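Enquirer: The following block contains the structure, expressed as structure tokens.
The values are calculated or read from the model by the stated rules, or taken from the named source; none is laboratory data. It should be emphasised that the depicted structure is a prediction, and the values quoted were computed from it without experimental measurement. Here the Cβ is made from the backbone with ideal geometry for all residues, glycine too, and neighbour counts use every protein chain on show. Ligands, DNA and RNA are excluded from the accessible area calculation, which covers all protein heavy atoms including side chains. Shrake-Rupley method; radii C 1.70, N 1.55, O 1.52, S 1.80 Å.
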Amino acid sequence: MTASPEDTGAAEVPPTLVADLRSDTLTRPTEAMRQAMAWAEVGDDVYAEDPTVLALQREVAELLGHEDALFTPTGSMANQLGVRLHVAPGQELVTDDLAHVLRAEMGAAAVLSGISARSYPTTAGRLDVDAAMALAVTDGGAYQVGTSCVVVENTHNFGGGTVQPLEAMQELHRRAHERGMAVHLDGARLWNAHVATGIPLAEYAACADTVSVCLSKGLGAPVGSLLVGSAEHMEQARVWRKRFGGGMRQVGILAAAGRYALEHQLERLADDHARCQQVAQAVAGARPGVVYPADVHTNILVLRVAAAGWTGADFVAAAGERGVLGYPTGPGSARFVWHLDVDDAQTDHAGAVLTDLLTARR
């Protein structure tokens with residue numbers, strides 16, 4: 001009879017199958033993408049002479065229906081450039097309390113640009129136009145900070161991959177402009193919203209004055225985002241990118257990965273959505289109240305593990321011990337994100353582990 005690890009003192013054998021669902025930023029370039037990068041035509045991007053970057057910027061601007069685009073190393077920089085274009089030092093932006101620009105960009109708007117921010121409470125990151133408009137102050141004179149920009153996120157990361165309704169975004173754009181405010185769209189996962197709904201990217205992007213989009217999440221590029229807007233805004237953003245330390249040289253090697261991703265790996269985001277929904281259905285069937293599959297719009301699964309007696313941190317730790325890696329998003333919740341490097345077998349494994357842990361406590 002073989003002794004157990006407890007009997008022998010041996011370390012527990014790690015799981016042979018690992019599903020790393022901490023984030024869709026974990027994607028790695030495919031071999032074909034690496035080839036495209038290796039053979040990319042390059043130039044000096046600070047002089048706006050890198051042909052691959054210029055091609056990527058034209059393509060993304062056209063996809064989103066705006067005049068021009070600017071390649072940036074990160075999505076946070078693209079967002080910070082966007083808000084800096086619309087909000088002067090001493091003014092404010094308004095967004096929801098789960099927004100990435102508030103929770104995950106290290107206070108950059110305040111530190112780099114002297115921008116204040118106020119937020120309204122949200123459920124699952126859903127855009128609340130009335131709440132945003134109620135917060136905005138456009139006639140405060142010398143007594144209140146003036147609001148000059150509203151930021152909306154689509155899909156919403158900390159909201160659990162929520163897709164914002166197009167009608168709400170259109171209403172926000174109209175009402176903000178009526179009051180002299182701009183709209184910035186944090187569209188890091190706008191590709192996922194497009195694939196989930198079939199709504200053209202340009203229709204979403206028409207609801208904002210500037211839009212950021214990310215290439216290094218589900219699309220699988222190793223680095224890069226873009227800011228999209230008017231030609232005048234992109235000319236100004238290029239100056240601010242340099243000030244923020246984002247001037248780059250032969251960066252076409254990275255832009256080539258983005259061009260490859262848009263051509264070959266955009267529509268496959270539907271696979272991530274389907275796998276995420278598969279596990280949402282399994283979990284909901286095993287432990288009602290932990291997740292509602294109808295609220296799982298794309299590739300992000302947020303579980304209310306407190307409903308099963310877990311803290312977020314403990315649940316993620318227990319799942320990790322069995323080869324399913326996630327991220328605690330709060331005291332009683334945990335997030336799991338599907339992406340290019342998670343296949344059907346890993347998805348089945350994740351579903352089995354998560355349902356087992358959620359039904360282990362009554």
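Enquirer: Can you say whether residue 40 is open to solvent by less than 30 Å² (accessible area, probe 1.4 Å) and assigned to a loop (DSSP other than H, G, I, E, B), as far as the supplied structure shows?
Expert: When the stated conditions are applied, residue 40 passes them.
Enquirer: OK, next. Tally the residues that are closer than 24 Å to residue 150 by Cα, open to solvent by 10 Å² or more (accessible area, probe 1.4 Å) and in contact (Cβ under 8 Å) with a residue 12 or more places away in the chain, restricting the search to region 218-234.
Expert: 3
Enquirer: Of all the residues that make up region 295-325, how many are under 16 Å from residue 192 (Cα atoms) and open to solvent by 20 Å² or more (accessible area, probe 1.4 Å)?
Expert: The total comes to 2.
Enquirer: Determine whether region 150-164 contains at least one residue that is in contact with a strand residue (DSSP E or B) (Cβ under 9 Å, 6 or more places away or on another chain), open to solvent by less than 10 Å² (accessible area, probe 1.4 Å), in a loop (DSSP other than H, G, I, E, B) and among the hydroxyl-bearing types (Ser, Thr, Tyr).
Expert: Checked against the condition, which is being in contact with a strand residue (DSSP E or B) (Cβ under 9 Å, 6 or more places away or on another chain), open to solvent by less than 10 Å² (accessible area, probe 1.4 Å), in a loop (DSSP other than H, G, I, E, B) and among the hydroxyl-bearing types (Ser, Thr, Tyr), region 150-164 yields at least one hit.
Enquirer: Looking only at residues in region 181-200 that are of a type in the set (A, V, I, L, M, F, W, C) and open to solvent by 10 Å² or more (accessible area, probe 1.4 Å), which one is nearest to residue 162 (Cα to Cα)?
Expert: Among those that are of a type in the set (A, V, I, L, M, F, W, C) and open to solvent by 10 Å² or more (accessible area, probe 1.4 Å), it is 196.
Enquirer: Return the residue satisfying two criteria in turn: it lies in region 230-288 and is in a loop (DSSP other than H, G, I, E, B) and aliphatic (A, V, I, L, M), and of such residues it is nearest to residue 57 (Cα to Cα).
Expert: 251
Enquirer: If you take the residues in region 183-206 that are in a loop (DSSP other than H, G, I, E, B) and in contact with a helix residue (DSSP H, G or I) (Cβ under 6 Å, 6 or more places away or on another chain), which one is farthest from residue 63 (Cα to Cα)?
Expert: 188
Enquirer: In the list 354, 325, 358, which residue meets the criterion of being in contact (Cβ under 8 Å) with a residue 60 or more places away in the chain and either among the charged types (D, E, K, R) or touching an Asp or Glu at 6+ places or on another chain (Cβ under 9 Å) (or both)?
Expert: Every option except 325 fails the conditions.
Enquirer: So residue 316 fits all but one of (1) free of Cβ contacts under 8 Å to residues at least 24 places away in the same chain; (2) in a loop (DSSP other than H, G, I, E, B); what number is the exception?
Expert: (2)
Enquirer: Further question on the same structure: Being over 27 Å from the mean Cα position of the chain (by Cα), modelled with pLDDT under 95 and outside any loop (DSSP other than H, G, I, E, B) is the requirement here; does residue 12 meet it?
Expert: No.
Enquirer: Determine whether region 271-290 contains at least one residue that is crowded, with 19+ Cβ neighbours inside 10 Å, within 15 Å of residue 22 (Cβ to Cβ) and among the acidic types (Asp, Glu).
Expert: Yes - at least one qualifying residue is present in region 271-290.
Enquirer: Where the second residue is part of a helix (DSSP H, G or I) and open to solvent by 30 Å² or more (accessible area, probe 1.4 Å) and the first is polar (S, T, N, Q) and lies in region 79-97, which pairs have Cβ atoms under 8 Å and are six or more apart or on separate chains?
Expert: Here the result reads 79/100; 80/112; 95/102, each pair linking region 79-97 to a residue that is part of a helix (DSSP H, G or I) and open to solvent by 30 Å² or more (accessible area, probe 1.4 Å).
Enquirer: Scan region 70-107 residue by residue and report those that are part of a helix (DSSP H, G or I), more than 18 Å from residue 25 (Cα to Cα) and under 17 Å from the mean Cα position of the chain (by Cα).
Expert: Listed by number, the residues that qualify are 80, 81, 82, 83, 102.
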